[in-house]
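Undergrad: One structure, as structure tokens, below. Some questions next.
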């Protein structure tokens, strides 16, 4: 299992893929209780990484929309 600092450097797609692999391992019958707890903890960390990446993307989209709205307002003012 990768460390938390290593996980935060993952892309969204990498974290989601790893999260899927962790879920598959948790669903298998051949993991011990201790392994299950470790996988669960890793899954929580990966979920947080995914949420952080999605939040960053959402903020970036919001900023881009605001900039494009401002640009269109300026164009409309110039045209009137």
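FYI, it's all coordinate maths here, none of it is from the lab. Only a predicted model underlies this, so the values are computations on that prediction, with no experimental measurement involved. With ideal geometry, Cβ positions are generated from the backbone for all residues, glycine too; neighbour counts draw on all protein chains shown.
Undergrad: Specify which labelled value, from (1) 105; (2) 85; (3) 293, agrees with volume of the Cα convex hull per residue in Å³ derived from the coordinates of the model shown.
TA: (2)
Undergrad: Using a Förster radius of 25 Å, what is the FRET efficiency between residue 30 and residue 9 based on their Cβ-Cβ separation? Nearest 0.05, please.
TA: On the way: r = 30 Å, r/R0 = 1.21.
E(calc), rounded to 0.05, equals 0.25.
Undergrad: Hey, how many Å between the Cα centroid of the range 6-29 and the Cα centroid of the range 37-57?
TA: 9
Undergrad: At 222 nm, what value in deg cm²/dmol follows for the chain if DSSP H runs of at least 4 each add -39500 (n - 2.57) and the sum is divided by all its residues, to the nearest 500?
TA: One gets -30000 deg cm²/dmol as the mean residue ellipticity at 222 nm.
Undergrad: Could I ask something else about it? For the residue pair residue 60 and residue 40, what label-to-label distance in nm results when each label sits 7 Å from Cα along the Cα-to-beta-carbon direction?
TA: Calculated label separation equals 3.4 nm.
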